[in-house]
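Encoded as C-alpha cells, the structure appears first; notes follow it.
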Amino acid sequence: MLRNQHLDGAVANARVGYEGRLFSLLAFWNGTRIKSSPEYFRTGLPSLGSNVNADSFSVEPIFRPTFSLLGEHSMVLGAEYRHKFIDWDYLDGTHAEDYFAVFAQDSWAFNKRFTVLASGRVDKHPLIGFLGSPRLALIFKPSPASALRASVGTAFRLPNQAETYLELAASGSMSTNAKASTTARIDSMPERQP
C-alpha cells in the first residue's frame, strides 16, 4: 500500500559550461539530502520512513570539427564521465558507481538534398560492462522547408540505482541486464529555420 510521505531536506543542482565554435565543456552536479516519513500510518505498521543522501556528477567535453571531403562534414567527438553516489535506508548499503562513454558523429552533406548521419557511442557501465550504440540515418530534403529521414540504430537505457540495488517485496522484477534495442524509422519533419 502506497502512503503519502512528508519530505524534509534539500535537493540542489549546479551546472556550469563553456560553449565555443569548436569546443564545449559541460559539467553538472545534482544532490539530494532528504528525510521522509509518512503523513499518516496505522499503529503497528512500519512507518516506511527513510533517509536519502545522493550525489551525481557529470562532465562532458565535446569537439566539433568541420571539413570538406566529397561534401561537407560536421563532426561531433566527445566523452562523458559520470559519478553516482547513493546512501538510502532502503538499499543494502552505500553505493558508488563510475560511468564512462565516448561518442562520435559525422553529418555528411554530399549535396544540397542528401545528408548521411552516422554515429556511435560506447558506454562502460560498472555492473554491465561495455555497451555499444551505432546509428545511421539518410536525410532527404525535397525542399528547403521539409525533410524526410530514414534511420536505423540501437539504443539502451541504463538501469538507475534504485532499479539496480532496491529489493522490496512489493516491487516488480528488477534486473541489471541492459538489453540493446534496434530501431528503424522514417520521419517527415519540417526543417528548422534560423
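The values are calculated or read from the model by the stated rules, or taken from the named source; none is laboratory data. Worth saying up front: this structure is predicted, and the values here are computed from it rather than measured. Counting neighbours? That spans all protein chains shown, and the Cβs are built from the backbone with ideal geometry, glycine included. Note: accessible area is taken over every heavy atom of the protein model, side chains too, but ligands, DNA and RNA are not part of it. Shrake-Rupley method; radii C 1.70, N 1.55, O 1.52, S 1.80 Å.
List of remarks:
- Boolean, R33 is under 30 Å from D123 (Cα atoms), at pLDDT 90 or above, open to solvent by 80 Å² or more (accessible area, probe 1.4 Å) and outside any strand (DSSP E or B): no
- Of all residues assigned to region 77-90, at least one qualifies as being open to solvent by less than 40 Å² (accessible area, probe 1.4 Å), at pLDDT 90 or above, touching a strand residue (DSSP E or B) at 6+ places or on another chain (Cβ under 9 Å) and not charged (D, E, K, R).
- Residues that are open to solvent by 80 Å² or more (accessible area, probe 1.4 Å), within 19 Å of the chain's Cα centre (by Cα), closer than 30 Å to D89 by Cβ and modelled with pLDDT under 75 do occur in region 177-184.
- Where S56 falls short, out of the listed (1) surrounded by 15 or more Cβ atoms within 10 Å (Cβ to Cβ); (2) under 24 Å from T154 (Cα atoms): (2)
- Scanning region 120-169 for residues that are polar (S, T, N, Q), under 16 Å from the mean Cα position of the chain (by Cα) and part of a strand (DSSP E or B) yields a total of 2.
- Residue match in region 153-161 (condition: at pLDDT 50 or above and under 26 Å from F110 (Cα atoms)): yes
- Lone unmet requirement of (1) among the β-branched types (V, I, T); (2) open to solvent by less than 60 Å² (accessible area, probe 1.4 Å); (3) at pLDDT below 90 for I62: (3)
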